[in-house]
Amino acid sequence: MAAHYKLDNLIVINDKNNLQLAGSTESIMKTDPLDKKWQAFGFNVTQCDGNNVASVVETLEGLKAEGKPNVVIANTIKGAGVSFIAGVQNGIIECLKVMKWNLH
């Protein structure tokens, strides 16, 4: 619908960290080739390092209004920057459980 109406002011940021709560996206529900799927819906597709703010900003500033909506696939690592949960499937949940018990 967005492509049909040429909504070139629409920007979707798709966080792609390759993990779901119960496992990897590859083992649960394959999403690749994600870029081709967005293109099939008429979107211009751009990718960036979603864990790097400068990369995200540069990508967003570089988007062009060409009569199509844009999607930025932000390739990320879940929990990046926190060594003991980075890239770990349930890392954030486990961290919150530990924090809950340590707060009392």
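The values are calculated or read from the model by the stated rules, or taken from the named source; none is laboratory data. What you are looking at is a predicted structure, and each value in this text was computed from that prediction instead of being measured. When we count neighbours, we look across all protein chains shown, and the Cβ atoms used for this are built from the backbone with ideal geometry, even at glycine.
Going by what's in this entry, would Asp8 be described as more than 12 Å from Ala74 (Cβ to Cβ), charged (D, E, K, R) and touching a residue at least 12 places away in the same chain (Cβ under 8 Å)?
Here the answer is yes, as Asp8 does meet what is asked.
Name the single residue, out of those in region 38-63 being charged (D, E, K, R) and exposed (fewer than 14 other Cβ atoms within 10 Å of the Cβ), that is farthest from Gly79 (Cα to Cα).
Among those that are charged (D, E, K, R) and exposed (fewer than 14 other Cβ atoms within 10 Å of the Cβ), it is Glu61.
Restricting to region 12-26, name every residue that is over 14 Å from Asn51 (Cα atoms) and either surrounded by fewer than 16 Cβ atoms within 10 Å (Cβ to Cβ) or within 8 Å of the chain's Cα centre (by Cα) (or both). Please lay out each step first, then the result.
The first filter runs over region 12-26 and keeps only residues over 14 Å from Asn51 (Cα atoms), leaving 12, 19-26.
Val12, Gln20, Leu21, Ala22, Gly23, Ser24, Thr25, Glu26, listed by residue number.
Quick check on my filter: what residues within region 3-49 are under 20 Å from Leu60 (Cβ atoms) and either among the basic types (Lys, Arg) or in contact with a His (Cβ under 9 Å, 6 or more places away or on another chain) (or both)?
Lys6, Lys16, Gly42, listed by residue number.
Collect the residues in region 24-37 that are at pLDDT 95 or above and either touching a helix residue (DSSP H, G or I) at 6+ places or on another chain (Cβ under 7 Å) or under 18 Å from Gly79 (Cα atoms) (or both), keeping them in residue-number order.
none
Take Leu21 and decide whether it is aliphatic (A, V, I, L, M) and in contact with a helix residue (DSSP H, G or I) (Cβ under 9 Å, 6 or more places away or on another chain). So that I can check it myself, show each step before the final result.
On the way: aliphatic (A, V, I, L, M): yes; in contact with a helix residue (DSSP H, G or I) (Cβ under 9 Å, 6 or more places away or on another chain): yes.
When the stated conditions are applied, Leu21 passes them.
For the subset of region 64-86 comprising residues that are modelled with pLDDT under 95 and among the small types (Gly, Ala, Ser), which member is surrounded by the most Cβ atoms within 10 Å (Cβ to Cβ)?
Gly79
Mind checking which pairs have a first residue in region 23-50 that is in contact (Cβ under 8 Å) with a residue 60 or more places away in the chain and a second that is buried (at least 16 other Cβ atoms within 10 Å of the Cβ) and of a type in the set (S, T, N, Q), Cβ under 9 Å, 6 or more apart or different chains?
Gly23/Gln89; Ser24/Gln89
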